[in-house]
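In what follows, a structure is listed as structure tokens, so that the remarks can point back to it.
What follows draws every value from the coordinates through simple rules; no lab data is involved. Model, not experiment: these values are computed from the prediction. Note that each Cβ is placed from the backbone with ideal geometry, even for glycine, and that neighbours are counted across all protein chains shown.
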Amino acid sequence: MKIALAQLNYHIGNFECNLHKMLRAVEEAQNRSADLICFGELAVCGYPPRDFLEFDDFIRRCQESIHALCQASQRIGIIVGAPTRNPVIEGKDLYNSAYFLYGGKIIGVQHKALLPTYDIFDEYRYFEPAREFRPVEFKGYKVALTICEDIWNVGNDNPLYTVCPLDEMTPYRPDFIVNLSASPFHAEHAQERLRVIRANVERYGIPMFYVNHVGAQTDLIFDGGSVVMSPNGRVFEEMPYFKECLRVYELEEVLRGERQNEQPKEKIVLIHDALILGIRDYFRKLGFQKAILGLSGGIDSAVTCTLAVEALGADNVHGLLMPGPFSSDHSLRDARQLAENLGITYHIMPISKIYDAFLETLHPLFCNLPFDITEENIQARIRGTLLMAVSNKLGYILLNTSNKSEMAVGYGTLYGDMCGGLSVLGDVYKTQVYALAHYLNTQPIGRYNRYGVIPENTIQKPPSAELRPDQKDTDSLPEYEELDRVLFHYIEGRKGPRELVQMGFDEALVARVLRLINVNEFKREQAPPVLRVSAKSFGLGRRMPIVGKYLS
């Protein structure tokens, strides 16, 4: 028995493209003598389709794709994910299903039982859970079909669920497990995935063939990393991250488990690769090519620009340098040096005259009130307006350069430096931005394939918004190393204020940081979509009340 795993990059709602990819993969698998090919969860429509599932025509087109794949299954078995109508009036209208196609027929359908409704997932909004479980017989083997979350309750050890689908199939003595997944990336997820797959394999004593999506769907990034695991708990193979791939495996070799091949999992490299794929797919799937961003000479814009050049090419990235009344000469030099190192086009647009015109216009209202954050925000909003003007006129997508630390505490200006179509670093803490900068400088990047494209002064100088004389970020915020530790334990770790103090953080620091987080929720509600690279990003995965108060 030869089993093919097709790790593909789907496009939500692009039925023709998705079907074409799968049919091409079927043909390749047949040419390599595969008996069976497996695609991902909801592969026919892409994941997550969200409220598209409420359109009858959308479901009809999903079924048309299943019919076309069924016609292609004359000489090869095909396992593929798609939504299925629930014939029972009571309950949700749909199931999340795995189809088993062979000989031009549907020989089995297994619905998903465990419907995640946490973080970024909201599957119980759309789907009815399965209540029947039975392997599908194929060429003398019994195949246990599971879908993504179905393997995340090993022996009922997950308190979120009351059923373990594979336990229900055990009496039928399946020969191997196939899991169709659409499991989004975060920097620690690959290790978690292997742990869960290994727990299943060791519990049931049979191999697992786990196939995942690859590619980005707006904020969600899918890393691939499909897994074949032998009954002895060894990773027979972990497929490449962030790349489409088709591999064929001989079942007998997998059963022997003599081979072991895992992918490296260095965190900053994974985050880097995820961001590149996230930028690239956002542009490709929206039909755009060119990006614009503001280059300040600071670390965030430098890293964002460098990532954009890697993702889109130097010809497709344009920078605006917008020095203001408090911009330093070295920042302008650093921004120019970055642009020239990368080989991108750039323009210098000074904003001092525009800023003075704003102040003159506002003077009758402001009179002699002292300089404060208002004047700082005016500068940021002038820059945002110029960037959006170029974006509108030339059809470029504006990349937002704010990092997670800044977004968390509101250290950004609405309709200013928080403008953009996509937030590249909004799930990357400031300390991680520096780690990315060091990593990027070890790679050949840009038009000239240069190393060290980010100027050393950009990395070494104290971070500053340069919106008032001699300004430093530490005038308004704790040191980033300290701030990021508090943010991580509060956001990712969900530690409350008392718990943070018990962990050793200063009580005044905790109160200060948590207040900043809470009072700036309204800003995050208006921010662009954030590429998700952590277990708890800003966006759909973190839903907080704007008027909430949780400080003590």
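For a quick check: sort 413, 431 by the number of other beta carbons within 10 angstrom, fewest at the front.
If I rank by nearby Cβ atoms, fewest first, I get 431, 413.
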**Complete:** Going fewest to most other Cβ atoms within 10 Å around each Cβ, 19, 42, 295 line up as 19, 295, 42
**Proximal lysines to residue 105, defined as alpha-carbon separation beneath 19 angstrom and excluding residues fewer than eight positions away on the same chain** = 139, 142
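Of 2/112; 267/536; 265/495, which pairs sit farther than 21 Å apart, going by alpha carbon to alpha carbon? Before the final figure, lay out the partial values.
Working: 2/112 25 Å; 267/536 16 Å; 265/495 27 Å.
Table pairs above 21 Å Cα-Cα are 2/112; 265/495.
Taking every eigenvalue of the Cα gyration tensor of segment 234-305, multiplying by 5 and rooting it, what semi-axes result, largest first, whole Å? Intermediate results must be reported in sequence, preceding the final value.
On the way: eigenvalues 286, 55, 4 Å².
Each semi-axis is √(5λ); the values are 38, 17, 5 Å.
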**Computed over segment 289-525, Cα set: Rg, Dmax in Å** = 18.3, 53
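For a protection proxy built on the mean count of beta-carbon atoms within 10 angstrom, sort 493-506, 382-395, 524-537, 339-352 highest first, please. It would help to have the intermediate numbers written out before the result.
Details: 493-506: 14.5, 382-395: 16.1, 524-537: 20.9, 339-352: 17.9.
With the highest mean Cβ count within 10 Å placed first, the list reads 524-537, 339-352, 382-395, 493-506.
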**Asked** Between residue 465 and residues 5 or more places away or on another chain, which pairs have amide H atoms under 5 Å apart, with H built 1.01 Å from N, and which residues are they?
**Response** 473
**Message:** Quick query: amide H of residue 348 versus all other amide H atoms, modeled in the peptide plane; which residues come in under 5 Å with a sequence gap of 5 or more or a different chain?
**Reply:** 321
**Options 436, 314, 460, ranked by Cα towards positive dipole end of the chain, top entry (Cβ charges)** = 314
**Fill in**
extent check for the chain: Cα max minus min per principal axis, descending, whole Å, gives 84, 52, 47
**Request:** Pull up the cross-link candidates among the aspartates and glutamates for residue 523, meaning alpha carbon to alpha carbon under 12 Å and not fewer than 8 places away within one chain.
**Result:** 406, 417
**Message:** What aspartates and glutamates does residue 353 reach when the alpha-carbon gap must be under 16 Å and sequence neighbours fewer than 8 apart in one chain are set aside?
**Reply:** 375, 376
**Request:** Assign unit charges at the C-beta atoms only (+1 for Lys and Arg, -1 for Asp and Glu), then state the dipole size of the chain relative to its Cα centre in Debye, rounded to the nearest 20.
**Result:** 780 debye
**Message:** Please list 3J(HN,Hα) in residue order for segment 10-16, calculated via the Karplus relation 6.51 cos²θ - 1.76 cosθ + 1.60 where θ = phi - 60°; whole Hz, with x for glycine and proline.
**Reply:** 8, 10, 4, x, 8, 4, 4
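Would you mind telling me the antiparallel percentage of the DSSP bridges in segment 99-194, rounded to 5?
Working: 7 of 12 bridges.
For segment 99-194, the DSSP antiparallel bridge percentage is about 60.
I want the antiparallel fraction of DSSP beta bridges within the chain, as a percent rounded to 5.
Numbers: 37 of 66 bridges.
Among the beta bridges of the chain, antiparallel pairing accounts for roughly 55 percent.
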**Item:** Within the chain, helix-based [θ] at 222 nm, where runs of 4 or more DSSP H residues each add -39,500 (n - 2.57), nearest 500
**Value:** -11500 deg cm²/dmol
**Bridge type composition, segment 289-525 - antiparallel percent by DSSP, nearest 5** = 10 percent
